[in-house]
Ligand SMILES: [Zn+2]
């Protein structure tokens, strides 16, 4: 199994990351895609990926931190390390944080920059969208983004379908056990468009408790229940979808 989106550079993992990774491996999670939120975090994620074999790095700039100068610095770091990366992220739009048009415009400009970079370097995008699902899809589709993971998509199913039609994947976090919106997404989108993620340390099965990659089997089981498909088939398919998008080599 694959965790397509986790923040293992988060301070909440600084004391026990080896134990967290052991639990993930015991649960059958072979690879963890570790995303970065800002320039410092990018350096941290690169260092962790050097140290721990199961981590696959994505570098990016979270929309909450969107700033044109920092975006330029992150782009430079991505270019320098492109051969070690499996994607660009976390990038996206967050209109829950950005309430006013000028801030939203900055987020759009920063995201557009990373879409261009993704196309140039042929790296997939690991995309955040909060209260901005259809705006994010509009931008990605208009900018010709081709390899895309929509993480923890909180928009409507009819918007998600436009992403599915473009071959985008939608990753489902453990909070699916308590989120009606995520359950609806799982029921209505095809298994071919779904992948597993945790967004550790948040979006866990229990609100307020630290989430970790070992919770991926819970996502598989919930998707299997919702879709009435055998868990083994769901596990295989969701891992295969992620491997294809991120061009991961098994093991
Ligand atoms: Zn995230």
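The values are calculated or read from the model by the stated rules, or taken from the named source; none is laboratory data. Quick caveat, the model's predicted, so the values are computed rather than measured. Please note: Cβ atoms are built from the backbone with ideal geometry, for glycine as well, and neighbour counts cover all protein chains shown.
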Next item on the list: Sort through 74, 35, 29 and tell me the only one that's more than 16 Å from the ligand (Cβ to nearest atom), under 23 Å from residue 148 (Cβ atoms), crowded, with 24+ Cβ neighbours inside 10 Å and modelled with pLDDT of 95 or more.
Entry: 29
Next item on the list: Quick one: count up the residues across the stretch 117-138 that are more than 15 Å from residue 89 (Cβ to Cβ) and not in a loop (DSSP other than H, G, I, E, B).
Entry: 6
Check: Limited to the stretch 208-227, what total is found for residues that are within 16 Å of the ligand (Cβ to nearest atom) and part of a loop (DSSP other than H, G, I, E, B)?
Finding: 3
Checklist line | Selection count, the stretch 163-180, where residues are surrounded by 14 or more Cβ atoms within 10 Å (Cβ to Cβ) and either assigned to a helix (DSSP H, G or I) or at pLDDT below 95 (or both) | finding: 6
Margin query: Can you go through 85, 141, 123, 111 and tell me which one is within 29 Å of residue 219 (Cα to Cα) and out of contact with any strand residue (DSSP E or B) (no Cβ under 8 Å at 6 or more places or on another chain)?
Written below: 141
Check: Which residues, taken from the stretch 228-251, are assigned to a helix (DSSP H, G or I) and surrounded by 17 or more Cβ atoms within 10 Å (Cβ to Cβ)?
Finding: 234, 235, 237, 238, 239, 241, 242, 245, 246
Check: Of the conditions (1) within 15 Å of the ligand (Cβ to nearest atom); (2) closer than 26 Å to residue 70 by Cβ; (3) surrounded by fewer than 15 Cβ atoms within 10 Å (Cβ to Cβ), residue 144 fails just one. Which one is it?
Finding: (1)
Next item on the list: Spot the failing condition for residue 122; the list is (1) exposed (fewer than 15 other Cβ atoms within 10 Å of the Cβ); (2) in contact with a helix residue (DSSP H, G or I) (Cβ under 8 Å, 6 or more places away or on another chain), and only one is missed.
Entry: (2)
Notebook entry, point to check: Any idea which residue in the stretch 1-19 is farthest from residue 236 (Cα to Cα), counting only those that are within 16 Å of the ligand (Cβ to nearest atom), in contact (Cβ under 8 Å) with a residue 24 or more places away in the chain and in a helix (DSSP H, G or I)?
Noted result: 12
Notebook entry, point to check: Taking the condition in contact (Cβ under 8 Å) with a residue 24 or more places away in the chain, in contact with a helix residue (DSSP H, G or I) (Cβ under 6 Å, 6 or more places away or on another chain) and closer than 18 Å to residue 245 by Cβ, does residue 78 pass?
Noted result: no
Notebook entry, point to check: Which of the residues spanning the stretch 188-206 are in a loop (DSSP other than H, G, I, E, B), at negative phi and within 16 Å of the ligand (Cβ to nearest atom)?
Noted result: 197, 198, 200, 201, 202, 204
Notebook entry, point to check: For residue 153, which of the numbered conditions (1) buried (at least 22 other Cβ atoms within 10 Å of the Cβ); (2) not in a loop (DSSP other than H, G, I, E, B) fails to hold?
Noted result: (2)
Next item on the list: Give just the number: which of (1) crowded, with 22+ Cβ neighbours inside 10 Å; (2) more than 16 Å from the ligand (Cβ to nearest atom); (3) not in a helix (DSSP H, G or I) does residue 185 not satisfy?
Entry: (3)
